Amino acid sequence: MAKALEQFLGRLEQASNLDDLQDLILDLRGMVDVDHTVYHWVSSDGEQYGCGTYPPEWVQHYVENDYIRIDPVVQGCYQRFHPVDWKRLDWSSKSARAFLQNALKHGVGNQGLSVPIRGPNGQFAMFTVSHHCSDEEWTAFIEEWQRDLIVIAHYFNQKALEIAGDRAPERTKALSPRETDALTFLAMGYGRGQVSEMLAISEHTLRVYIESARFKLGAANTTHAVAKALAEGLILIGGAARGSAGDWPGRKQAAE
């Protein structure tokens with residue numbers, strides 16, 4: 001296993017174009033013996049790039065239906081920094097269940113593992129493997145391959161940024177104090193009603209701040225905006241947030 005990983009990373013280092021990356025991801029599918037391997041990069045302007053082994057009709061269907069906005073895998077990876085086992089995601093909504101059934105019909109696989117990747121200036125990407133098998137078989141696969149897949153994912157993203165440098169995200173615009181406060185409170189788990197009350201503004205005004213922050217960050221949705229702001233260090237949560245500029249729950253009580 002160690003030798004196979006070393007050889008694969010050596011070939012990845014020598015890759016010089018996107019076709020090379022596609023060849024490598026095809027070979028990786030055979031190396032780890034799964035149905036699909038996919039690298040998915042969501043750029044700051046909302047465009048999607050990548051390579052992988054999903055059926056072309058599914059990729060086209062995914063993009064045309066803007067599934068990125070409801071895909072529980074994408075949403076789950078936005079909120080996490082560690083590998084995401086698809087079984088642990090929330091598939092309870094009607095839209096998520098319909099999406100899953102559609103994906104299964106296109107042969108995506110009933111099991112999956114996605115590695116979230118944060119690159120420079122808030123870049124976000126995912127590296128995914130999926131397969132048709134039982135829960136027991138998938139657990140064994142993760143135990144065997146997860147560590148190597150994490151390494152491959154980050155090296156793969158590094159090479160993709162090197163090859164497709166013109167697509168690399170630019171440094172985002174600075175957030176205003178109110179935009180920072182809004183995203184900070186959302187990251188801390190407060191609902192919009194609570195945030196608007198804490199900031200003494202209407203929910204409509206809060207929505208304006210959130211949308212403005214989302215635009216500056218080049219985020220696909222609010223969850224993505226929060227994830228990018230955290231990744232870039234634009235917002236802090238926990239004790240650090242309490243010492244930052246702006247309001248926070250309990251500040252007045254603590255000061256008294």
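The values are calculated or read from the model by the stated rules, or taken from the named source; none is laboratory data. Predicted model only: the values in this text are computed from it and were never measured. With ideal geometry, Cβ positions are generated from the backbone for all residues, glycine too; neighbour counts draw on all protein chains shown. In case anyone asks, the SASA skips ligands and DNA or RNA and just uses the protein heavy atoms, side chains included. Shrake-Rupley method; radii C 1.70, N 1.55, O 1.52, S 1.80 Å.
Name every residue in segment 122-152 that is polar (S, T, N, Q), at pLDDT 95 or above and surrounded by 21 or more Cβ atoms within 10 Å (Cβ to Cβ), in order of residue number.
Result: T128, S130.
So Y155 passes all but one of these: (1) at pLDDT 90 or above; (2) under 20 Å from the mean Cα position of the chain (by Cα); (3) open to solvent by less than 20 Å² (accessible area, probe 1.4 Å); (4) closer than 30 Å to P55 by Cα. Which condition number does it fail?
Unmet condition: (3).
With the condition kept exactly as written, say whether any residue in segment 25-39 is in contact with a Phe, Trp or Tyr (Cβ under 9 Å, 6 or more places away or on another chain) and assigned to a loop (DSSP other than H, G, I, E, B).
yes
What's the total number of residues in segment 65-107 that are modelled with pLDDT under 90, in a helix (DSSP H, G or I) and of a type outside the set (S, T, Y)?
Residues in segment 65-107 being modelled with pLDDT under 90, in a helix (DSSP H, G or I) and of a type outside the set (S, T, Y): 6 in total.
If the Cβ limit is 6 Å and pairs must be 6+ apart or interchain, which residue in segment 178-189 that is outside any helix (DSSP H, G or I) pairs with which residue that is β-branched (V, I, T)?
Going by the 6 Å Cβ cut-off, the qualifying pairs are M188/I237.
I'd like the full set of residues that are open to solvent by less than 80 Å² (accessible area, probe 1.4 Å), of a type outside the set (A, V, I, L, M) and closer than 19 Å to G50 by Cβ, limited to segment 1-22.
Across segment 1-22, the qualifying residues are F8, N17, D20, Q22.
Can you tell me how many residues within segment 196-221 are part of a helix (DSSP H, G or I) and more than 26 Å from I68 (Cα to Cα)?
The total comes to 4.
Determine whether D71 is without any contact (Cβ under 8 Å) to a residue 12 or more places away in the chain, under 30 Å from K216 (Cα atoms) and out of contact with any Asp or Glu (no Cβ under 8 Å at 6 or more places or on another chain).
no
From the residues in segment 100-121 that are open to solvent by 30 Å² or more (accessible area, probe 1.4 Å) and not charged (D, E, K, R), which one is nearest to V59 (Cα to Cα)?
Ranking the qualifying residues of segment 100-121, first place goes to H106.
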